[in-house]
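Inspection log for the structure reproduced underneath, given as structure tokens.
The values are calculated or read from the model by the stated rules, or taken from the named source; none is laboratory data. Keep in mind that what you see is a predicted model, and the values were worked out from it rather than measured. Positions of Cβ are backbone-derived with ideal geometry, glycine not excepted, and every protein chain shown enters the neighbour counts. The protein model used for the area step is the full one, side chains on, heavy atoms only, and it has no ligands, DNA or RNA in it. Shrake-Rupley method; radii C 1.70, N 1.55, O 1.52, S 1.80 Å.
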Amino acid sequence: MKEYIIAVDQSTSATKAILFDDRCRVLHRVNIDHKQYYPQAGWVEHDAEEIYRNTVEAIRRLLEATEREAEARYSLALTNQRETVVVWDVRTGIPVSRAVVWQCQRGADICRQLREAGCEELVQRKSGLLIDPYFSASGVRWILENVEGARAKADAGHLRMGTIDAWLIWKLTGGAVHATDYTNASRTMLFNIHTLDWDDELLALFTVPRSMLPEARPCDARFGRTTVEGLFPEGIEIAGVLGDSHGALTGQMCFEAGMGKATYGTGSSVMVNIGCEAVQAPAGLVTSVGFAAQGKVCYAFEGNIHCTGATLKWLTDRLQLIGSPAETEALAASVADNGGVYLVPAFAGLGAPWWNPSAKAILCGMTLGTTKAHVVRAALESIPYQIRDLIDLMTGQAGVRLKELRVDGGPTKNRFLMQFQADMLHASINRSEVEEASAMGAVVMNGLARGLWRSLEEAAALRTSDNLIVPSMEEERRERLYRGWLEAVALVNRK
């Protein structure tokens, strides 16, 4: 019998349904955008019910486009935007408010008060995270304190909460299953990454009743059955769930300590597998559950960079120096070096590992000899510099050597960028042909849960090709260029 896996990749801007076969090959995809809500400065919301409707509609269109085979067996895997949180009334199935998105800053005062009260050490020791509105807990507390009647309903046991995966699982199973996976749970500030359970001290800190919380399961668990609103009258199994960055780590088959992944998008998520011990992350970074499968848990250090692809878009849309990001490769290669020019793209402050939200972008080192090509090259080079900032911290703290960085995302097609990345890290870059790395990770976990493959090693063998870029720059030049970058960052960080 043929096996097909429908992977739902529910991201910040859209919901994608992707059909995979049992060799992890992408057969078709459907993408549906959802609306972004900005009710006031710093707030970002999603309509959770719209996201659910779009999930069902994306699967429906996928099936229509691929002519479902009657004799085939289908299942559903799920990967999702993390930290975005939904609170709903279990009696009606209706959210009490719009979802609080990971970008939303409404919990900033709650987080500030907790930091001032000296709670940072407790939170980081147990959850692996920094106290920040980026993570889910402050958004839930805000809802309970500010949505009329929410606190009373929560105390009476009528409310449930969860990241988007838990919301979709609850809806898809008709309310039969309220569950999440360890990776999504580890991004809430409510989950103890050592005990792999919700933590009573953290729940008390954010005043969240335990009755609201989903059951946390490994990524390769089974999460119930669904008809997808009647599309599968006999029902199909939901198996394989994890957050999108963890999905990319798994989809890139980074199953060994010292293997890392970088997703190049608007910003960049960098993760390094640090093995089976939850080591405390260096300042400015976080420790999360990397993935949990086959009875073991692998942890990861993670840092997020605000502006990578967004920097190239800025060159195109705002400065209009180039017609499209595709032009950057040839322009950067047209000059021998950066001419001493550095761009620190702190357009939305500096993220990890600097965490300076008030920082402003800077372009420095220009002379009368500076050309457009030097500026474009400086913009491209800023991406590998930022990745190195994170990787050096991660590997140093964990005591591991970077074996290989596996990369995904549109900018990885830029050969200049990838070569410079390999040179800055002095490590091989593995540019996979996987177009849907996060979804691939969910499919891997689905297959493990359902016995399609018996081990992580067997799943890793499905990786179709390796496209290695090896470092070629001499050490003296590499370190001289990187020192110039650190000097430019120091200019930005001056108070």
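If a residue has to be of a type in the set (Ser, Thr, Tyr) and over 30 Å from residue 182 (Cβ atoms) to count, how many in the stretch 281-336 make the cut?
The number of residues fulfilling the criteria is 5.
Residue under question is residue 100, and the condition is that it be of a type in the set (A, V, I, L, M), surrounded by 24 or more Cβ atoms within 10 Å (Cβ to Cβ) and free of Cβ contacts under 8 Å to residues at least 60 places away in the same chain; does it hold?
The answer is yes for residue 100.
State all residues of the stretch 341-375 that are surrounded by 22 or more Cβ atoms within 10 Å (Cβ to Cβ) and either in contact with a His (Cβ under 7 Å, 6 or more places away or on another chain) or not aliphatic (A, V, I, L, M) (or both); if no residue qualifies, say none.
341, 342, 345, 351, 374
Does the stretch 27-36 include one or more residues that are β-branched (Val, Ile, Thr) and open to solvent by 70 Å² or more (accessible area, probe 1.4 Å)?
Looking for residues that are β-branched (Val, Ile, Thr) and open to solvent by 70 Å² or more (accessible area, probe 1.4 Å), one finds none in the stretch 27-36, hence no.
Which of the residues belonging to the stretch 282-301 are part of a loop (DSSP other than H, G, I, E, B) and open to solvent by less than 30 Å² (accessible area, probe 1.4 Å)?
282, 284, 285
Taking the condition of being buried (at least 20 other Cβ atoms within 10 Å of the Cβ), part of a loop (DSSP other than H, G, I, E, B) and either among the hydroxyl-bearing types (Ser, Thr, Tyr) or in contact with a helix residue (DSSP H, G or I) (Cβ under 8 Å, 6 or more places away or on another chain) (or both), how many residues in the stretch 234-281 meet it?
5
Which condition does residue 338 not pass, out of (1) of a type outside the set (Gly, Ala, Ser); (2) open to solvent by 30 Å² or more (accessible area, probe 1.4 Å); (3) part of a loop (DSSP other than H, G, I, E, B), if it passes all the others?
For residue 338, the exception is condition (2).
Can you name every one of the helices (runs of 4 or more DSSP H) wholly within the stretch 85-173 that holds 1 or more residues which are in contact with a strand residue (DSSP E or B) (Cβ under 8 Å, 6 or more places away or on another chain)?
120-127, 136-146, 150-155, 164-172
In the stretch 422-495, which helices (runs of 4 or more DSSP H) lie fully inside it and hold 3 or more residues that are more than 21 Å from residue 245 (Cα to Cα)?
475-493
Counting only residues that are of a type in the set (A, V, I, L, M) and at positive phi, which one in the stretch 192-233 is most open to solvent (accessible area, probe 1.4 Å)?
The extreme case among them is 196.
Look through the stretch 382-404, keep the residues that are of a type in the set (S, T, N, Q) and at pLDDT 85 or above, and return whichever of them is surrounded by the most Cβ atoms within 10 Å (Cβ to Cβ).
Among those residues, the one meeting the criterion is 386.
It is to be established whether one or more residues within the stretch 38-45 are open to solvent by 10 Å² or more (accessible area, probe 1.4 Å), touching a strand residue (DSSP E or B) at 6+ places or on another chain (Cβ under 7 Å), within 30 Å of residue 137 (Cα to Cα) and assigned to a strand (DSSP E or B).
Yes, the stretch 38-45 contains at least one residue that is open to solvent by 10 Å² or more (accessible area, probe 1.4 Å), touching a strand residue (DSSP E or B) at 6+ places or on another chain (Cβ under 7 Å), within 30 Å of residue 137 (Cα to Cα) and assigned to a strand (DSSP E or B).
Please go through (1) within 24 Å of residue 193 (Cα to Cα); (2) touching a residue at least 12 places away in the same chain (Cβ under 8 Å) for residue 173 and return the number of the only condition it doesn't satisfy.
The number of the failed condition is (1).
Test residue 32 against the stated conditions and say whether it is assigned to a strand (DSSP E or B) and touching a Phe, Trp or Tyr at 6+ places or on another chain (Cβ under 7 Å).
no
Take the conditions assigned to a loop (DSSP other than H, G, I, E, B) and either within 26 Å of residue 122 (Cβ to Cβ) or of a type in the set (Asp, Glu) (or both) and apply them to residue 208. Does it pass?
Yes: the conditions hold for residue 208.
Given the conditions (1) modelled with pLDDT under 95; (2) crowded, with 20+ Cβ neighbours inside 10 Å; (3) of a type outside the set (Lys, Arg); (4) in contact with a Pro (Cβ under 6 Å, 6 or more places away or on another chain), and given that residue 86 satisfies all but one, which numbered condition is not satisfied?
That leaves (1) as the condition not met.
Please go through the stretch 359-418 and give me each residue that is assigned to a loop (DSSP other than H, G, I, E, B) and basic (Lys, Arg), ordered by number.
360, 401, 403
Give me a count of the residues in the stretch 265-316 that are closer than 23 Å to residue 218 by Cα and not small (Gly, Ala, Ser).
20
How do the pairs read when you match residues in the stretch 403-422 that are touching a residue at least 12 places away in the same chain (Cβ under 8 Å) with residues anywhere that are of a type in the set (Phe, Trp, Tyr), using Cβ under 6 Å and keeping only pairs 6 or more apart or on different chains?
Taking only residues 6 or more apart or on different chains, the pairs are 409/264; 411/264; 412/264.
What are the residue pairs meeting all of these: first residue in the stretch 1-28, first residue over 19 Å from residue 71 (Cβ atoms), second residue aromatic (Phe, Trp, Tyr) and buried (at least 24 other Cβ atoms within 10 Å of the Cβ), Cβ atoms under 8 Å, and 6 or more apart or on different chains?
Here the result reads 7/20; 26/20, each pair linking the stretch 1-28 to a residue that is aromatic (Phe, Trp, Tyr) and buried (at least 24 other Cβ atoms within 10 Å of the Cβ).
Please go through the stretch 302-335 and pick out each residue that is charged (D, E, K, R), open to solvent by 70 Å² or more (accessible area, probe 1.4 Å) and within 30 Å of residue 130 (Cβ to Cβ).
Selection gives 313 alone.
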